[in-house]
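S.K.: The structure follows.
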Amino acid sequence: MNILGKRYYFFGLSLLFILIGLAIILFRGIPLSIDFTGGSLLEVRFADQSPETGQIYEVYDGLGVEDVQVQTSETGSYIIRSRFLENADRDAVLAALGETIGAVDVVRFDSVGPSIGEQVTSRGTLAVVVSSLLVVLFIAWSFRGVTHAFRYGICAILAMVHDVAIIFSATAIGSMLWGWEIDSLFLTALLTVIGFSMQDTIVVFDRIRENSSIHRRLDFETLVNHSIVQTLQRSINTQLMTVEFLLLALAMFGGVTLREFAGILLIGLLSGTYSSIFIAAPILVLWENREWRTWFRKPAAA
């Protein structure tokens, strides 16, 4: 099985998916939730009727509340996001909805102040950066006896960046199709994916290190391809049997919030397994062969 022989197809597939997500983010913006932007989320259900979303917008406009977004859920409730609302503002909104539309039941109400949103953003970014640095240091120390050991750490980080980009692209696509948002649970899923991705990548790299001392006569590309094939079944079976089936069940049958979290985690862990086999190791071979020197050269005449 010559996996490395098709490495540029795998690079192109990942790049295509990432570019689609980046295009959506460029035109629609990053779908941040109130956890990051600050604001209020009010989920209500009307007992007697199912009003048009335009009626809800009119109520908020009449009270001078700006930046309102209204979505309907599968359970028949309305999820209303707006700027930060004090308790008095919330009571005024509920009273106006009751007078204009009809009896209203509050399913949930969450508010995050702008300062808390900024704190979540800064701490989340710090957590990702610190975890990345720790991973680089760990790989550099573990592979210190291998030639060009620093390359393994850098390739692992590039695979991690690939997975993060895939998650953001998937979330951008999900925001357009199902109203997904980047919230605190998204950060939890992101850090989990980083951990799983690094674990799979280190397993593949460790097998390359072991085979380097056993198959010394093999050229590097053949050795890496052999190592990938040896770990392929383990990586796929471990992910499918222990994680992916469970996450798929949660994504299909979980609640609205849990479904989004499970969906992002499902895509991220699949990307983590994919990147350890089809991205990290091929980049290592690309670097060893210095293939970029021939990318822009014209082929020699026959």
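S.K.: Just going by the charge dipole of the chain, with Lys and Arg at +1 and Asp and Glu at -1 on Cβ, which of Gly195, Ile80, Phe261 is farthest out on the positive end?
M.R.: With unit charges placed on the Cβ atoms, the residue in question is Gly195.
S.K.: Would you please give the FRET efficiency between Val161 and Asp48, computed as 1/(1 + (r/R0)^6) with r the Cβ-Cβ distance and R0 = 45 Å, to the nearest 0.05?
M.R.: So the FRET efficiency works out to roughly 0.30.
S.K.: While we're on this one: Which length gain, in nm to one decimal place, applies between Thr294 and Asn237 when the Cα-Cα distance is subtracted from 0.36 nm times their residue separation?
M.R.: Here the segment from Thr294 to Asn237 would lengthen by 16.8 nm.
S.K.: Rounded to the nearest 20 debye, what is the charge dipole size of the chain about its Cα centre when +1 sits on each Lys and Arg Cβ and -1 on each Asp and Glu Cβ?
M.R.: It comes to approximately 2320 debye.
S.K.: Continuing with the same structure: Kindly state, to the nearest 0.05, the FRET efficiency for Phe27 paired with Trp287, given R0 = 51 Å and r defined as their beta-carbon distance.
M.R.: 0.90
S.K.: Which whole number of Å³ per residue matches the convex hull of the alpha-carbon atoms in the chain?
M.R.: 162
S.K.: What residue among Phe143, Phe245, Phe278 has the largest mean-square fluctuation in a Gaussian network model of the chain, using Cα springs under 10 Å?
M.R.: Highest fluctuation of the listed residues: Phe245.
S.K.: Multiply the residue separation of Gln55 and Leu15 by 0.36 nm, subtract the distance between their alpha-carbon atoms, and state the gained length in nm to one decimal.
M.R.: Result: 10.2 nm gained on full extension.
S.K.: Continuing with this model, one more query. Subtract the Cα-Cα distance of Val129 and Gln199 from 0.36 nm times their separation in residues, and report this length gain in nm to one decimal.
M.R.: 23.5 nm
S.K.: If each of Ala95 and Val107 carries a label point 7 Å out from its Cα toward its Cβ, how far apart are those two points in nm?
M.R.: So the label points at Ala95 and Val107 sit 2.6 nm apart.
S.K.: If you line up the Cα atoms of segment 39-111 on their principal axes, what length do they span on each, largest first, in Å?
M.R.: Largest to smallest, the principal-axis extents are 27, 22, 19 Å.
S.K.: For segment 1-67, just the Cα atoms, rotate onto the principal axes and tell me the three extents in Å, largest first.
M.R.: On the principal axes, segment 1-67 reaches 63, 27, 20 Å in Cα extent.
S.K.: Which FRET efficiency value, to the nearest 0.05, is calculated for Gln119 and Thr72 with the Förster distance at 25 angstrom and r the Cβ-Cβ distance?
M.R.: Once rounded, the FRET efficiency stands at 0.20.
S.K.: Could you state, as a whole-number percent, how many of the C-alpha pairs of segment 86-199 are farther apart than 25 Å?
M.R.: The calculated P(r) of segment 86-199 puts 48 percent of pairs beyond 25 Å.
Since every read-out is calculated from the coordinates, none of them should be taken as a lab result. Since we're looking at a predicted model, the values are computed, not measured. Here Cβ is always computed from backbone atoms with ideal geometry, including for glycine, and neighbour counts include all displayed protein chains.
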